[in-house]
Structures are given as C-alpha cells and as structure tokens.
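S.K.: Following this message is one structure expressed as structure tokens.
The numbers here are math on the coordinates, done by the rules we state, and not lab data. Just so you know, these numbers come straight off a predicted model, no measurement behind them. Glycine gets a Cβ as well: all are built from the backbone with ideal geometry, and neighbour counts include every protein chain shown.
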Amino acid sequence: MIRRLTFALLVTALPLLALLGVAVTVTAPARPAAAAGQSTPAYWLAASDGGIFSFGGAQFYGSTGSMRLNKPVVGMAATPDGNGYWLVASDGGVFAYGDAGFYGSTGSIRLNKPIIGLVPTADGHGYWLFASDGGVFAFGDAKFYGSAASDGLAYPVTAAAPGYLGGGYWLVDANGQVFDYGDAQNEGQPVFAPGGYRITGMASTQNFGGYWLASANGNVADFGDAASYGSMFGTTLDAPVIGMATDADATGYWLQGADGGIFTFGSAVFYGSMGGHRLNAPMVGIAAT
C-alpha cells in the first residue's frame, strides 16, 4: 500500500521551470549497500531556492537557502558514499557540500538553453551537466560521449541517468524520447503515456540494463530489466511529480512532488516529506544516500 505522509517542519525552500511547468531531477550513479563510513539509507529534498531538507539518516551539509542566487536551483545529486551532495542551478552554477568536490561549472558561460540537472560519475570525482536542448558538459573525470544539442529537438530534455560505471548516459525529453550515449543502451521508450507524457524523472537499474521514466502525472514506465513497482497514475495529486530516485539496490523508488510530497514504491522506505506544508519555493530534486 502506498502512503503519503507529512510531518511538521518550518520550510525555507522560484518558480518551476517555465518551459514545462515542472522542475526535474536526475539520479546519482552509485547505489552501493551501506558500509563502514557510509550514511544510513535516507534522502534529501531540494527546493528551487537551494533549501535542503534531510530525512532519515541523511545529514545536512549546507544549502543556498540564505543566498541570493543568480538563477534557481533545478536539481541535486548525492556523492557515492552519501556523505555529501551537489546542487545545480539553471545557469549551470554548481554548489558542493560535504565530501562533494567542485570540478567546474557553466555559471560563467552563456548557455543556449538552461541546465536541467547534474549526474555524478561512479567515483564522485566528476559530473555531467545536462541542458534542456540536449547539451552535455563534462567536468572532473566525467567523459564526454556525445549530446543532442545540434539535433534540433522538438521537446526539451528533462532528465538523465548514468550508464555502467559512468561509461555513458541516457537523456530523455519531455515526450519520452530516449537518447543513449557511450555504453548506455537504448532499452525503449513509451509509445503511449496515459494523460500525456511530460517526463520529469529518470533512474537507471542496479546493473544499468534498464531504466524508469516518471511523468508529471505520477505515471512510471519501465524498460529493459527495470521492474514495475507501481505509480501514482490515476490518483489526484496536489502537485505534479518532478523527479524520482531509487533506493540502495534499485528494488524500489521514490517519486517527489513539487509540493514536497513523497510516494514510495517497491522496497523504498518512507522517511518523511514536506507535503502539506507551506513552502517558500517549490521542490525541484530528490537524492538518496
């Protein structure tokens, strides 16, 4: 049974991306089991002003909630050991906290289209930034495998996920078209999405042989070796789903609403949410330890 719960917190959490009416999130590549020095299972939620909310065993390492940003935060990603995280803004500004390293940004570059998310490499010593036109920017030990920036896409790219050991990546646009680069194999894409597509989230499986696509209406489509754990399709939502993240062994996932609501599926555990509370800024990302 899927539950949606809330608890009281004061929130300091910019409008959602005007392009879609929703914000997007991408997921980190590493999902190891908890070990010595690693954090306990949990997740963070990020707001468009850079406010961070920690749940379960997730530790708070800092935020941009009290800073005046040039552009809104559009997503976050956790480090492989779960002891830090990155925030990324729509201009490609990157903010690193905890053991997350800063390897560069596009904050000083004039972009053709806004950045929609950040995906770290397998060892956390680099990351990719993805733009809504399919542009890809690699920093640190992240390798460039190609982009869709020159393809003249009919729909904006809204989410991304890493391939095996960071040897490639997938991009997906709002209409569900999947673009694969490097060792990331195209395992399919939806031919029909109930209520329309508006893809807002993507996550890869444990062995990177498949992926899930989440839609703003709560629908989840699975491809390759991705198992079907359920969705919120058919349920009236208070706010659109804006992203997803998988648990440690990718046998479950969380969906995140723009209002901070969290929906759990499979083995993903509910640790809390911001749903039902007045937010200063909408939620734009979820990252799991």
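S.K.: What whole number of Å gives the distance from the Cα centroid of the range 99-169 to the Cα centroid of the range 175-189?
M.R.: 15 Å
S.K.: Calculate the spin-label point distance for D151 paired with F102, positioning each point 7 Å from the Cα along the beta-carbon direction, and give it in nanometres.
M.R.: Computed distance between label sites F102 and D151 equals 3.3 nm.
S.K.: So what's the Cα pair-distance distribution over the range 66-141, bin width 10 Å, in %?
M.R.: Spelled out bin by bin, the range 66-141 gives 22, 56, 22, 1 percent.
S.K.: Taking amide H positions as placed in the peptide plane 1.01 Å from N, state which residues far from T158 in sequence (5 or more) or on other chains have amide H under 5 Å from it.
M.R.: V172, D173, A174
S.K.: What do you get for chymotrypsin sites (Phe, Trp or Tyr not before Pro) in the range 189-289 restricted to DSSP loop and a cutoff of at most 10 other Cβ within 10 Å of the site's Cβ?
M.R.: Those satisfying the criteria are F192.
S.K.: While we're on this one: How far apart, in nm, are two points set 7 Å out from the Cα along the Cα-to-Cβ line at R68 and at D183?
M.R.: Result for the modelled spin labels: 4.7 nm.
S.K.: Continuing with the same structure: Where the centre of each part is set by its Cα atoms, how far does the range 212-289 sit from the range 60-85, in angstrom?
M.R.: 19 Å
S.K.: Contour minus end-to-end for F270 and Q59, with contour as 0.36 nm per residue of separation and end-to-end as the Cα-Cα distance?
M.R.: Here the answer is 74.3 nm.
S.K.: Let me ask something else. Gain in length, T251 to N112, computed as 0.36 nm per residue apart minus the alpha-carbon separation, to one decimal in nm?
M.R.: My answer for the length gained is 46.3 nm.
S.K.: Give me the number: length gained by fully extending Q206 to A227, i.e. 0.36 nm times residue separation minus the C-alpha to C-alpha distance, one decimal in nm.
M.R.: Here the answer is 6.5 nm.
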